Amino acid sequence: MTTTALIDRPQAPAGPPKLTPVELRAAQGQTLDAPRMRCGFLARALFKMTDLAYGRERSIVKFAMLEYIARVPYQAWERIGYLAMARHRRRSALARRVFERVVQTRAEQDNEQWHLLILQDLVQRRGLRQPFVRYRLAPWLMAFCFYHVSWLLLVIRPEASYRLNAEFEDHAEHEYMAYVAEHPELAGQPDPGTYAAEYGRYESLADLYRQIGHDERMHKLDSLASMSAPRFGQTRP
């Protein structure tokens, strides 16, 4: 591999910043003081379905189900990105810009995957049941629909796809922070640190959930910023 190729290769994003305990508590306060995003029909329908299936009460089992769904918009965008790269492979500058977007999308998808692994570990440690229909089949069906809606919107109206994801991430951000506020006992429960090497170790479960909530805020902001960015394969003005 040449030196030029190494320089030109897009670097993987570092991911959302890891906050200190003081910063995490401040982030929670900022979220709880901020109004939720005004959601469109598709986001409201998704939230309604999850409440009907799993109840309105916040729980780590419900969060694990939401994280299973949260990955799929990024998977859809990654797929569209690779298709755009294949289409514009003869235009190296444009293909590179598309690839940079793909790299960012993949990093956000991986971050959501760590959330899912962490929550599933916590669910298993507590011995909580996850019946097949409600916690395996139903999330798969919702993820399947969410994936194809995100994919189709990105092709037809990209800003709508990014807006939908921003609404989902805003919902997740507020839900995590509200859950910590509802359960002060989490401050005295240690982070098991199963994925500390990959995600970091936190002073308590409260801080772990706050960090996940802050990650969702960063994903929301990235999606909102993408609404005004050129679409995959579109030249800049």
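Would you calculate, for the chain, the mean residue ellipticity at 222 nm contributed by helices, counting each DSSP H stretch of 4 or more residues as -39,500 (n - 2.57) and dividing by all residues, to the nearest 500? That comes out to -23000 deg cm²/dmol.
Note down, for segment 10-88, the three equivalent ellipsoid semi-axes (square root of 5 times each alpha carbon gyration tensor eigenvalue), biggest first, whole angstrom. Walk me through the numbers before you get to the answer.
Numbers: eigenvalues 157, 104, 35 Å².
Semi-axes, largest first: 28, 23, 13 Å.
With semi-axes defined as the square roots of five times the eigenvalues of the C-alpha gyration tensor, the equivalent ellipsoid of segment 66-220 measures 32, 18, 14 Å, largest first. Using the Karplus relation 6.51 cos²θ - 1.76 cosθ + 1.60 with θ = phi - 60°, the per-residue 3J(HN,Hα) values for segment 132-145 come to 4, 5, 7, 10, 10, 5, 4, x, 4, 5, 5, 5, 4, 5 Hz, with x marking Gly and Pro. For segment 159-219, the mean projected area of the C-alpha convex hull, equal to one quarter of the hull surface, is 4.4 nm². The phi torsions of segment 109-118, fed into the Karplus equation with coefficients 6.51, -1.76 and 1.60 and a -60° offset, translate into couplings of 4, 5, 4, 5, 5, 5, 4, 4, 4, 5 Hz, rounded to whole numbers, with Gly and Pro shown as x. Once the 1.4 Å probe is applied to the protein heavy atoms, segment 147-237 comes out at 43 Å² accessible per residue. Of all lysines in the structure, the ones whose alpha carbon falls short of 29 Å from that of LYS18, not counting any fewer than 8 places away in one chain, are LYS62, LYS220. Computed from the Cβ-Cβ distance with R0 of 41 Å, the FRET efficiency linking GLU182 to GLU159 stands at 0.75. Rg of the Cα atoms in segment 108-190, relative to 2.2 N^0.38 Å, amounts to 1.34. Shape of segment 154-194 from the C-alpha gyration tensor: oblate (a/c of 1.5 or more and a/b not above b/c, with a ≥ b ≥ c the square roots of its eigenvalues).
The accessible surface of the chain, taken with every protein chain in place and a 1.4 Å probe, is 57 percent carbon and sulfur.
The values are calculated or read from the model by the stated rules, or taken from the named source; none is laboratory data. Fair warning: this is a prediction, and the values are worked out from it, not measured in the lab. All Cβ positions, even for glycine, are placed from backbone atoms using ideal geometry, and neighbour counts span all protein chains on display. What goes into the accessible areas is simple: the full protein's heavy atoms, side chains included, and nothing from ligands, DNA or RNA. Shrake-Rupley method; radii C 1.70, N 1.55, O 1.52, S 1.80 Å.
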